[in-house]
Amino acid sequence: MHAHIVLAHPESKSFNGHLAGLAQECLEKQGWRVSITDLYKNQFDPCERLSHYIDPKDTARFFVQNEQRHAGETKTLADEIKKEIQLLDTSDLLILQYPMWWHLPPAILKGWLDRVFVYGEVYTSSKRFENGRFSGKKAMISVTVGTSRETYAYNGRSGDIDLMLWLVNFSLAFVGYTVLSPFVAYGVESGIQYTGADAVTKRLNQIEQDLLCRLKTINDVPTIPFNTMGEWGDDGRIIKSAKAYSPFIRHKENLDLG
């Protein structure tokens, strides 16, 4: 079994870096082969641009999807992109390890999605969801947030964590992954401000133990449901007989927020 970890934090000695290393050590002890892409260490360019394409189809106008598809067909994708796709192809589990910044992943991770999930090579209109390139593989977000579990509840001041993470999870499902329930490390930053050092150490140690428990029982982690290709009508809308799993895709036109 092969697990691939994508780390998106600028400091390798950060708690995110520590969790990535901890995950690697835990999985390897279970017999997994583990690879890690440290995006900041590798100075990964998150910006899609024409200069990434050595044999562009059109130099007059940069049409991203056309260039991605052309590069895939001509085998001229950038080496770093080809390497990432190969790692995803050979891995059974993908873990995205990152901190929540301004309610979203760091820009470098969004750029990784933009550039690695290549149109034509990774997805097309017919090659997505259960027919996606990575169908049969699992993916999981492992994210750190600054405040408590309560503030990220459905009625918390930080916003509903499940809704915040849905967009990244949806992107993973879009390219075929079976998406596992995310691992969320709460209170990683704020504890130093609000509690004593002993309490901080205790909480961080508990996060470590929770992650180890999660990884040791990875085959039992609940999955997040997403609609399949057959549950969309010709107009692109969910059919009435299909279940809606998220407020982002629903049967009611007006969402009741009362």
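Some points to look at:
- With a simple spin-label model that places each label point 7 Å from the Cα along the Cα-to-Cβ direction, the separation between residue 74 and residue 153 comes to 5.7 nm.
- Proximal lysines to residue 243, defined as alpha-carbon separation beneath 28 angstrom and excluding residues fewer than eight positions away on the same chain: 127, 137, 138, 252
- Across the alpha-carbon atoms of the range 1-47, the computed radius of gyration and Dmax are 11.3, 37 angstrom.
- Taking the protein heavy atoms of the range 1-156 in the context of the full set of protein chains, the accessible area attributed to carbon and sulfur is 50 percent at 1.4 Å.
- Note on the range 1-60 and the range 115-140: Cα centroid distance 18 Å, given to the nearest whole angstrom.
- Span-like helix ranges in the chain, DSSP H, alpha carbon extent 27 angstrom or more, Kyte mean at least -0.5: 197-216
- Spin-label pair residue 104/residue 246, simplified geometry with 7 Å Cα→Cβ offset, distance in nm: 1.6
- Each listed q (0.16, 0.19, 0.29, 0.31 Å⁻¹) maps to a log10 I(q)/I(0) for the range 118-164 from the Debye sum over equal C-alpha point scatterers, namely -0.65, -0.70, -1.01, -1.11.
- When each of the peptides 128-136, 173-181 is scored by how many other beta carbons lie within 10 Å of its residues on average, the order from highest to lowest is 173-181, 128-136.
- Shape metrics for the chain, restricted to C-alpha atoms - Rg then Dmax, Å: 19.4, 60
- Residue-normalised accessible area of the range 32-115, expressed per residue, 1.4 Å probe, Å²: 55
- Principal axis dimensions, largest first and in whole angstrom, of the range 69-147 by Cα: 46, 25, 23
- Stretch gain in nm, segment residue 57-residue 12, where the contour uses 0.36 nm per residue and the Cα spacing is subtracted: 12.4 nm
The values are calculated or read from the model by the stated rules, or taken from the named source; none is laboratory data. Just so you know, these numbers come straight off a predicted model, no measurement behind them. So basically every Cβ, Gly included, is an ideal-geometry build from the backbone, and we count neighbours across all protein chains shown. Please note that ligands, DNA and RNA were not included when accessible areas were found on the heavy atoms of the full protein model with its side chains. Shrake-Rupley method; radii C 1.70, N 1.55, O 1.52, S 1.80 Å.
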